[in-house]
Amino acid sequence: QVQLVESGGGLVQPGGSLRLSCAVSGSIFSTLVMGWYRQAPGRQREVVATISIGGGTDYADSVKGRFTISRDNAKSTTYLQMNSLESEDTAVYYCNARRGARAHWGQGTQVTVSS
C-alpha cells in the first residue's frame, strides 16, 4: 500500500519561505510522477507543481519563479521549496504520487501566510 506523509507546513509571514517534504513508502519511488496540489477554503484543489520520473518540472503560473519542486529518489522524498510567500498561498498542501491512471494522496499540511 502506497503511503505519502507530508511535513513542513506552518505559519509564515509574507515574503518568508517554507520547505514541504513528502515521504513515500510502499512503492518504487523512482517510477512515480510526483506533484504538489493545494486547496484554499472555498476553492477547488489546484495543481501547484509536478515533477516527472526524469526530473522535468511544471508549475502553476501563480508560483513560477517562487516555488521549486524537487525529488530525491534515494530518500523516496519529494520537496516543495516555497519562497516569497504571499497571503494567496495560504492553503492545505497535498502531495500526490501517480503511476499511469493510479494516484495516491497524502493527508495534507497547512500553510498559512499571515503577518
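Write out the trypsin sites (Lys or Arg not before Pro) in segment 1-94 meeting two conditions: DSSP loop, and at most 16 other Cβ atoms within 10 Å of their Cβ. Those satisfying the criteria are ARG43, ARG45, LYS64, ARG66, LYS75.
Kirkwood hydrodynamic radius of segment 4-115, from the reciprocal of the average inverse Cα-Cα distance over all distinct pairs: 13.9 Å. Projecting the Cα atoms of PHE67, ILE53, GLN39 onto the charge dipole of the chain (Cβ charges, centred on the Cα centre) puts ILE53 farthest toward the positive pole. Here the chain is assigned +1 on the Cβ of each Lys and Arg and -1 on the Cβ of each Asp and Glu. Its dipole about the Cα centre then comes out at about 320 debye. Accessible surface computed residue by residue for the chain, with neighbouring protein chains in place and a 1.4 Å probe, gives 53 Å² per residue.
Computed in the context of the full set of protein chains, the accessible area of the chain at 1.4 Å probe radius has 47% of its extent on carbon or sulfur.
The values are calculated or read from the model by the stated rules, or taken from the named source; none is laboratory data. The shown structure was predicted, so the numbers you read here are calculated from the model rather than taken from an experiment. Glycine gets a Cβ as well: all are built from the backbone with ideal geometry, and neighbour counts include every protein chain shown. With ligands, DNA and RNA removed, areas are computed over all heavy atoms of the protein, side chains included. Shrake-Rupley method; radii C 1.70, N 1.55, O 1.52, S 1.80 Å.
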